[in-house]
Amino acid sequence: MRLRDEGVNQKLHARLRELFLTRTAREWEEIGNRAGAACAWARNTTEWIQTDHAREIGAVVQLDDPEYGPTWMAGVPVHLTRTPGAPKGPRHLADADHAAIVGELESLSPGVPTAEVDRGLTHPLAGMKVLDLCAALAGPTCGRLLLEFGAEVVKINAPKAGVGVGGYLNRGKQSLLLDVGSFEAQQVFWKLVDEADVVVENFSPGTADRLGIGYREVNARKPDAVYCSISSYGQFGPWRNGRGWERQGQAVAGVMERQDPLAVLGPYNLIDIGTGTLATFAVGLGLYHRLRSGDGQHVHASLCQTATYQQTPYMLLYSGRVSNEPRGYLTLGTGPLNRFYQARDRWFFLALPTCDAARLRQVEGLEDACQLASSWWTTTSKRAVSA
């Protein structure tokens, strides 16, 4: 929030800083969300995994890892109401299924190739029609990706909405100003729905239902439509009514807490754009399900699930786990063979698997580094075994 008068702006910020010190972050989150504000305190990954919401929406799941035992980890990144999907068990140890896989291959007969349905298809979504009701940024990302893989997208904008926000995400879309809250405009909207395969919305929680254009209404009129809802916290669970944007998505799931001091990981909207990409994936799954069954369904993507999935290597909780991943803006990498280095003129990134450290001998000037890399790898391996 920034006011035109800089003096008043500074006084307001000073007063807010003073007030916010009177309560805990958890209390301000509860108070703010009850009032309809977008407020989230910066949790770490363990605190996020332990929330009822993360577990109820399947953002995290517990599986019995063959090495670590019961382990909380990232779940599936999107939700489909009719065909939700689920983890198919924990990871398998390397080569654990060798005999079963080879045995199955030996028992199979050669497959019979199937005829192509459309030999002239140049884009996978050619012929699909999409209604994009979204504001910046996650929703329009989904619409743009669907368009660029062949769909025809009509972008519906509210007449009084801000212009230019996320405009680069509306590339190639047809544009229409429509106040979907009015009776007359809804007559146009429903005619568009009759011709649509996909409807994408990222209204504040409950808004689409209040306007009478939510999934239930669209499904009743067009049962084979795929209806995609994009939100901060998902369509169910204790936090389903919470509002939020990029910053809240980063805060609740542990992204902000990785910085030192706590900060927005940016200036890139990695959660917004990532959620739009995952929403596109969810729509694709919904369309594939419709191709096989004839039925549409409601698919969901959320900022908190995206933030969870993007931290998959570190979104782990098991007995004895020690969180030791690199942290902060000044982190250059995960080890001497996977990090930034500064050359005479600028920076570059070296990425070399530790098992290939001997390749350093072939690089002029790095012969000694090979021996050091081997020593580092031996020491690291011993620490991992002892842990």
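The values are calculated or read from the model by the stated rules, or taken from the named source; none is laboratory data. This one's a predicted model, so the numbers in the text were calculated from it and none came from an experiment. No Cβ is skipped: glycine too gets one built from the backbone with ideal geometry, and neighbour counts run over all protein chains shown.
See the values below:
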| read-out | value |
| --- | --- |
| Residue check, Ala251 part of a helix (DSSP H, G or I), free of Cβ contacts under 8 Å to residues at least 40 places away in the same chain, assigned by TED's automatic domain parsing to the domain that holds Thr46 and hydrophobic (A, V, I, L, M, F, W, C) | no |
| Where Leu93 falls short, out of the listed (1) over 30 Å from Arg216 (Cβ atoms); (2) touching a residue at least 12 places away in the same chain (Cβ under 8 Å); (3) assigned by TED's automatic domain parsing to the domain that holds Pro223 | (3) |
| Members of segment 206-225 that are in contact with a helix residue (DSSP H, G or I) (Cβ under 9 Å, 6 or more places away or on another chain) and either free of Cβ contacts under 8 Å to residues at least 60 places away in the same chain or of a type in the set (A, V, I, L, M, F, W, C) (or both) | Ala208, Asp209, Leu211, Gly212, Ile213, Gly214, Arg216, Glu217, Val218, Arg221, Ala225 |
| Val130 vs. criteria buried (at least 18 other Cβ atoms within 10 Å of the Cβ), among the hydrophobic types (A, V, I, L, M, F, W, C) and in contact with a Leu (Cβ under 6 Å, 6 or more places away or on another chain) | yes |
| Ser107, sole failed condition from (1) polar (S, T, N, Q); (2) closer than 26 Å to Ala279 by Cβ; (3) surrounded by fewer than 12 Cβ atoms within 10 Å (Cβ to Cβ) | (2) |
| Residue check for Ala138: among the small types (Gly, Ala, Ser), within 24 Å of Gly296 (Cβ to Cβ) and assigned by TED's automatic domain parsing to the domain that holds Ser302 | yes |
| Some residue of segment 134-146 being buried (at least 23 other Cβ atoms within 10 Å of the Cβ), touching a residue at least 24 places away in the same chain (Cβ under 8 Å), within 24 Å of the chain's Cα centre (by Cα) and not in a helix (DSSP H, G or I) | yes |
| Filtered residues of segment 288-305 (kept if within 19 Å of Asn202 (Cα to Cα) and either touching a strand residue (DSSP E or B) at 6+ places or on another chain (Cβ under 6 Å) or among the polar types (S, T, N, Q) (or both)) | Gly296, Gln297, His298, Val299, His300, Ala301, Ser302, Gln305 |
| Residue match in segment 191-205 (condition: touching a residue at least 40 places away in the same chain (Cβ under 8 Å), assigned by TED's automatic domain parsing to the domain that holds Asn241, under 26 Å from the mean Cα position of the chain (by Cα) and assigned to a helix (DSSP H, G or I)) | no |
| Cross-chain or 6+ apart pairs with Cβ under 6 Å, segment 33-57 first and farther than 21 Å from Arg23 by Cβ, then modelled with pLDDT of 95 or more and of a type in the set (Ser, Thr, Tyr) | none |
| Given (1) in contact with a helix residue (DSSP H, G or I) (Cβ under 9 Å, 6 or more places away or on another chain); (2) in the same structural domain as Gln259 (by TED's automatic domain parsing); (3) in a helix (DSSP H, G or I), number of the condition Arg43 does not satisfy | (3) |
| Residue ranges of strands (runs of 3 or more DSSP E) in segment 256-372 with at least 1 members crowded, with 18+ Cβ neighbours inside 10 Å | 297-302, 316-318 |
| Those residues of segment 206-226 which are loosely packed, with under 14 Cβ neighbours inside 10 Å and assigned to a helix (DSSP H, G or I), in sequence order | Asp209, Arg210, Arg216, Ala220, Arg221 |
| Filter result for the condition that a residue is part of a loop (DSSP other than H, G, I, E, B) and among the aliphatic types (A, V, I, L, M), over Ala37, Ala54 | Ala37 |
